[in-house]
Amino acid sequence: MIISSLGQKRELEVANMSQDIISESNSSAINNPSSNALIQINHHGFIGNWSGSNTSFSFKDNGTYTYKSEDYQASGSYLVAGEYEDIILLKLTYFAQHSGETYLYFRFNQGDTKVSVDNLGTFSRSTDVAPVASNFYMTNSLKYAPQYASESLIGTWTRISSDGQTIDYINYNPDGSFEEFNNQMVKIKSGKFSVNTQNKTITILISFDDGSPGIQIPYSTNSTFTILTSLSTNQPNTISYKNSLPDKLN
């Protein structure tokens, strides 16, 4: 399974760390503004059919979806992890065979007639569409653009081992939980995460549901917060890419 543009991504300069990460002590502040803050949810028309170049998405109001391309099909359920500005962030089950659940960014154009989906391309509205019902929103779903490192983490991260042989997929969820899968679609870890930031480094603190000892791993990040490079002194460093879908989902 080849990660999209992996060779080029390995050459990216990851030392150019973000100047915009706001300090935080943990993930409990994820999109939890004061009660006086005005929250505007756009409620993009989303339920319905979308057509791309030999591809299609269909979203139903019962929380299920289907995806079709020339050589691949997927179906499952969806939840909304965030809706802000022109973006809906969805978490789909059984979308890619490498993991049980995958995050995808859907970016709408001004008239909501087209949507760009990560590296899958652009889809045009092919039927009338309706907003997503509120009961399909995840706990602590993002209601504005990420301001903290813990919010920027939300999504699916692909982690490559130092020898390039092992691929893990980690979902960081808006409620502060995470799941980790490997490329055999085996759920190997789950638990809670929080984030500390100091200068240009973030540290992800992990506790495990199975009671294993917690860990703390420092990372550097690129300016767009799409690449994390571990900075552990006692383990080989790894590189993780955010929402980097395989070239071929199957």
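The values are calculated or read from the model by the stated rules, or taken from the named source; none is laboratory data. The structure displayed is predicted, hence computed values, not measured ones. Using ideal geometry, Cβ is built from the backbone for each residue, glycine included, and neighbour counts are taken over all protein chains shown. Only protein heavy atoms, including side chains, enter the accessible area calculation; ligands, DNA and RNA are left aside. Shrake-Rupley method; radii C 1.70, N 1.55, O 1.52, S 1.80 Å.
Can you tell me, using C-alpha contacts under 8 Å and at least 6 residues apart, the relative contact order of region 145-242 as a whole percent?
22
Quick one: length gained pulling Ser223 to Asn54 fully straight, 0.36 nm per residue minus the C-alpha distance?
Using 0.36 nm per residue and subtracting the Cα-Cα distance, I get 57.5 nm.
Tell me, in nm to one decimal, what length is gained between Ser177 and Asn119 on full extension, where the rule is 0.36 nm per residue of separation less the Cα-Cα distance? Don't skip to the end; give the middle numbers.
Values: separation 58, 0.36 × 58 = 20.88 nm, distance 2.57 nm.
Difference between extended and current length: 18.3 nm.
Taking the simple approach of a point 7 Å from Cα along Cα-to-Cβ for both Asp86 and Arg107, what is their distance in nm?
Result: 0.8 nm between the two label points.
Spin-label point model (7 Å from Cα, Cβ direction): what's the Ala145 to Ser161 distance in nm?
Modelled inter-label distance: 3.9 nm.
Rounded to a whole number, what % of the accessible area of region 145-242 do carbon and sulfur atoms account for, probe 1.4 Å? Don't skip to the end; give the middle numbers.
Working: 1950 of 4350 Å².
Using a 1.4 Å probe with all protein chains present, region 145-242 comes out at 45 percent carbon and sulfur.
Figure the gain on full extension for Ile188 and Ser212 (residue separation times 0.36 nm, minus the Cα-Cα span) and round it to one decimal in nm.
7.4 nm
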